[in-house]
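The values are calculated or read from the model by the stated rules, or taken from the named source; none is laboratory data. Given the structure is predicted, the values throughout are model-derived calculations rather than measurements. Glycine gets a Cβ as well: all are built from the backbone with ideal geometry, and neighbour counts include every protein chain shown. Remember, those area values only see protein heavy atoms, side chains included, never the ligands or the DNA or RNA. Shrake-Rupley method; radii C 1.70, N 1.55, O 1.52, S 1.80 Å.
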Amino acid sequence: MGATAWANGAAGRGRTGSVALPDGRELVYEEYGDPAGMPVLSFHGGLSSRLDAAPAHEAARSLGIRLVSPDRPGMGRSSYQPGRRLLDWPQDMAVLTNTLGIDHFAVIGWSSGGPYAAACGAKMPERVTAVGLLSSAVPFELVGSTKGLSRDDRILLFLVRRAPWCASALLRISIADATENRLYRQIRRTFPAVDRAALEERGSIVDAVAFVKESMRQGTAGCLQDYRVFGAPWGFDLSEVRMPVHIWEGSEDHTGPPEYRELLLRHLPQARLRVVPGEGHLSLLQHQARAILSALTAQAS
């Protein structure tokens, strides 16, 4: 099983590669930063892709960090995995890191990528040095409901369980078949001013929405499955994540209530919380990449 570098990625800054998995699937990833640097794996949010780590490229490069961002199954370029669970992810990451010659690494999970970072921390304790949870989802089995989520997330979680055909049509109309201009306008209507400004900082409209558009390169099935996993029990206890955990939130991020970060802080044995004034959901990594990556790799320095 080998890794293959294909081409320059988003805005010419990333490098795309693939790994063959034991079951015949292909796992595709983007590399940012310093190819010879300290490794950090970045796990994308929902309705997103490996390209959402692009805003951290310059910070990673200047810090000497090799930032590897894989697509989840059925999203971006990675092969669909029937019946996948959250706890399948650490096995895929073991193959990826072994193939790339990486022994120890930190992980970042943004939004609904947070559970995947926590899962690696819980199930790969001998290899994961630190965990970063950025505006992270939480185990809904500990909350008891999804009431604190955004309206869009609650609608999709309901539809993927009760009317998946309707969820698929909604995603196809709003993202897969939408022009970049229409998608850009939709995202701007959803997020606060700081996030709208962060999108504008990415340059062209095509670059600004590429990470979302790429999530449905293969259609809607991968994103629907991702929401099923998002709403399901995690399959492990947060107390199993015993390495340092850095929880980062923007004060202007209203995709989940403050109770979520307090829950993570309470249940993770070595967690630290930083709420950044004035930052939102999309802007957090874009504006705080240097601080986040520095904190994650401090133990390994």
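Backbone N atoms of the range 230-246 closer than 19 Å to the 7 Å Cα→Cβ label point of Ala94 belong to residues 235-237, 240-243. Apply 1/(1 + (r/R0)^6) to the Cβ-Cβ distance of Glu201 and His254, taking R0 = 22 Å, and write down the FRET efficiency to the nearest 0.05. About 0.60, to the nearest 0.05.
Here the extension length gained between Arg161 and Arg266 equals 34.8 nm, from 0.36 nm per residue of separation less the Cα-Cα distance.
Accessible area of the range 108-185 with a 1.4 Å probe: how many percent of it is carbon plus sulfur? Exposed carbon and sulfur together represent 55 percent of the surface.
Looking at the range 132-217, the trypsin sites (Lys or Arg not before Pro) that sit in a DSSP loop and have at most 10 other Cβ atoms within 10 Å of their own Cβ are Lys147. The candidate values were (i) 13.6; (ii) 17.0; (iii) 18.0; the one computed from these coordinates for mean projected area of the Cα convex hull in nm² carries the label (i).
Could you compute the FRET efficiency for Asp237 and Glu126, with r as their C-beta to C-beta distance and R0 at 25 Å, rounded to 0.05? Calculated transfer efficiency: 0.85.
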